[in-house]
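A short worksheet on the structure shown next.
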Amino acid sequence: MKEPKAFEQLLIQQGIVDASKLERARNEAVKNNLPLVAALSQMGFARAEDTYAALAQFCEMRFVVPSREGLDKELAKKAPARFATHYGFVPVQERNGALVVAISDPLNPQLLDDIRMVLKRRIEPAVTTPQEIARATKELYGVGADTMERILIDAEAEGPVLTIQGGDVGADLGDDTIDASIIKFVNELILEAVQSDTTDIHIEPFEDSLRVRYRIDGILHQAPTPPSIRGFHAAIVSRIKIMANLNIAEKRLPQDGKILASFGDNHYDLRVSILPTPHGETVNIRILSRSSMAMTMDQLGFLPEDMALFNTLIRKPYGIILVTGPTGSGKTTTLYAALAKLNEIDRKIITIEDPIEYQLQGVSQMQVQPKIGFDFSLGLRSMLRHDPDIMLVGEIRDYETAEMAIRSSLTGHLVLSTLHTNDSAGAVTRLIDMGVEPFLISSTMVASVAQRLVRRVCKHCAEPVEPDRELLRVEFGVSKEQIAGGDYRRGAGCDECLHTGFRGRIAIYEILAFTDRIKEMTVQRATAAEIKKKALQHGMQTLRASGWRRVYSGETTPDEVLRVTADADTLSVESGLENASV
């Protein structure tokens, strides 16, 4: 076996780390029983790839990065998940009759012998980082594959009965003390979603398979799962029901519940919805991070001029401000940010929501209970008796709620709410369709704000790109002069963004302030197109114009803006860009 001191000298010779940092890392490794290379990367003294590449050179082995080289799914059959996860290796390829396995601890003399023994074949070792082994294991075997294999082994040994342990409503996703079981697998499934910034988990049963998908940045991605998962569908659903305090015996009716989960210092609300299908119950878990809901106005994505206008509008003493857009466009987050800014000691704020998505300190919040007749309109009537200055209504869904919101604003209250329309001008016609009189809308409306979420170009793999000028001219209505000088970028695709080129999202806005002229047109029952045209003439920027600003600055791509604004009325694109100075 080679002398470890020689490896330390190699690290210094290659300039990967200096002697003083190496000494500190060595002490940390001894203190916590860690390999030296792991301590160096954990303390931030060296990149993991650099240290493990040097370790491979020291051991006269190849250094590989499996995620870059591509993995053959057939390799999973050559090395069962229970062996790969237990011994900490991943099969990379077959070469000259040998199975190439990547390990992260080549200095362990017993490890390779053990792998040869359990696989019963010739192996060729290579070195990679622990992070790469974890990533490749999930890609080859799926999330929680080792747990599934251990369950199968236990089931074969002990019989077909699988016991699911009950638990509290709250779940600590960082708790690894539970034995390998369905409980641990469900925790792994949720934990993987949380770590990848997933907003929804979809568990969908079909005749001979079970599909698990994560919605990340608004797009669905299939999660790799072991083939054996289909046989545990009923047990997985039962475990989720127990966590959400639902009836595990009821499999014919839809059910909704809630799980409080934690991972480290972060806390999450998991909204569970279960629907019956011919092949079993399908599950949707909406993941709400309490920290992400606590965003400030500056973090939302408002452009400076839009921010100034929106701040002026929410400071009005009374009236209605509506935020419009499809489900998942961040409407509630925008309203919470506005409430956080307005939440001062001299203001009484009450909300009625379905459900309460984030607890706001200093704000009285109510949740509707349709089963007992407590809906938005009844809640609004009750709220007025508590002398509020500002009221938030989760959503205006019907005439009764719209009427109560308008009457509340007429009596000197500022009402914030959401509405499902494609653009800002559509809010007027939607309220009229509900039965609200145009003169009441004209008297109370302060503004209608349409918004969408566009995916950000991944900062880790962003690269300059030459834009399609014809596309920009036709779809965004911009001139050659406006296109010139832009910092156009796209994501090449990397591990950070799951090779999509995007990581995170930012909002784009269309703010329609109800000026005297817009109010006159509302009373005259003007169409949404006519109202929008007039607003554009007075300087309003469309959603697409707001998106263009983000394209010009390199934060997103033209295709992404077109994707999320395809349903919005693009009337007079050029007019919406007249004031879109860059």
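The values are calculated or read from the model by the stated rules, or taken from the named source; none is laboratory data. Computed from a predicted model, the values in this text were never measured in an experiment. Note that each Cβ is placed from the backbone with ideal geometry, even for glycine, and that neighbours are counted across all protein chains shown. Areas reflect the complete protein model, heavy atoms only, side chains present, ligands, DNA and RNA absent. Shrake-Rupley method; radii C 1.70, N 1.55, O 1.52, S 1.80 Å.
The set of residues in the stretch 48-83 being modelled with pLDDT under 85 and in contact with a Phe, Trp or Tyr (Cβ under 7 Å, 6 or more places away or on another chain) consists of A76, A81. When the stretch 502-515 is filtered for residues that are crowded, with 21+ Cβ neighbours inside 10 Å and not in a strand (DSSP E or B), only F514 remains. Screening the stretch 342-381 for residues that are open to solvent by 40 Å² or more (accessible area, probe 1.4 Å) and of a type in the set (S, T, Y) and picking the one that is farthest from I406 (Cα to Cα) gives Y358. Would you confirm, using the coordinates I've provided, whether F439 is under 18 Å from G330 (Cα atoms) and among the aromatic types (F, W, Y)? So F439 does not fit the description; no.
Here's the yes/no breakdown for (1) at pLDDT 90 or above; (2) under 29 Å from the mean Cα position of the chain (by Cα); (3) assigned to a loop (DSSP other than H, G, I, E, B); (4) not polar (S, T, N, Q):
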{"site": "I432", "(1), (2), (3), (4)": "yes, no, no, yes"}
{"site": "L440", "(1), (2), (3), (4)": "yes, no, no, yes"}
{"site": "S448", "(1), (2), (3), (4)": "yes, yes, no, no"}
{"site": "R452", "(1), (2), (3), (4)": "yes, yes, no, yes"}
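Yes or no, residue by residue, for (1) at pLDDT 90 or above; (2) farther than 30 Å from Y214 by Cβ; (3) in contact with a strand residue (DSSP E or B) (Cβ under 6 Å, 6 or more places away or on another chain):
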| position | (1), (2), (3) |
| --- | --- |
| G477 | no, yes, no |
| G486 | no, yes, no |
| L498 | no, no, no |
| Y509 | yes, no, yes |
| F514 | yes, yes, yes |
| K519 | yes, yes, no |
| T527 | yes, yes, no |
| K534 | yes, yes, no |
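Within the stretch 20-49, residues that are within 11 Å of E8 (Cβ to Cβ) reach partners that are hydroxyl-bearing (S, T, Y) with beta carbons closer than 9 Å, at six or more positions or on different chains, in the pairs L36/T51; V37/T51; V37/Y52; V37/S104; V37/T129; L40/T51. With respect to P106, determine if the residue is within 16 Å of E139 (Cα to Cα) and not β-branched (V, I, T). No; evaluated as a whole, the condition is false for this residue.
Residues that are free of Cβ contacts under 8 Å to residues at least 60 places away in the same chain and not in a strand (DSSP E or B) within the stretch 390-409 comprise E395, R397, D398, Y399, E400, T401, A402, E403, M404, R407, S408, listed in sequence order. Looking at the stretch 1-99, the helices (runs of 4 or more DSSP H) lying wholly inside it that each contain 3 or more residues that are surrounded by fewer than 16 Cβ atoms within 10 Å (Cβ to Cβ) sit at 4-13, 19-32.
Where in the stretch 526-565 are there helices (runs of 4 or more DSSP H), lying wholly inside it, with at least 3 residues that are under 21 Å from the mean Cα position of the chain (by Cα) and farther than 17 Å from E466 by Cβ?
Ranges flagged: 558-564.
Please give the number of the condition R525 fails out of (1) surrounded by 23 or more Cβ atoms within 10 Å (Cβ to Cβ); (2) at positive phi; (3) of a type in the set (K, R). Every listed condition holds for R525 apart from (1). If you go through the stretch 410-430 and keep only what is of a type in the set (K, R) and either touching a helix residue (DSSP H, G or I) at 6+ places or on another chain (Cβ under 8 Å) or not in a helix (DSSP H, G or I) (or both), you end up with nothing.
Scanning the stretch 404-430 for residues that are over 20 Å from G330 (Cβ atoms), open to solvent by 40 Å² or more (accessible area, probe 1.4 Å) and either at pLDDT 90 or above or among the aliphatic types (A, V, I, L, M) (or both) turns up L410, T429. Pairs are defined by a Cβ separation below 9 Å, a sequence spacing of at least 6 or placement on different chains, a first member in the stretch 301-325 that is part of a loop (DSSP other than H, G, I, E, B), and a second member that is of a type in the set (K, R); the pairs so defined are G301/R505; G301/R550; L303/R549; L303/R550; G325/K331; G325/R452. Summed over the stretch 1-59, residues that are in contact with a helix residue (DSSP H, G or I) (Cβ under 9 Å, 6 or more places away or on another chain) and among the small types (G, A, S) total 10. Kindly indicate the residue of the stretch 268-303 that is in contact with a Lys or Arg (Cβ under 9 Å, 6 or more places away or on another chain) and loosely packed, with under 15 Cβ neighbours inside 10 Å and also modelled with the lowest pLDDT among those meeting that condition. Among residues in the stretch 268-303 that are in contact with a Lys or Arg (Cβ under 9 Å, 6 or more places away or on another chain) and loosely packed, with under 15 Cβ neighbours inside 10 Å, the one modelled with the lowest pLDDT is T296.
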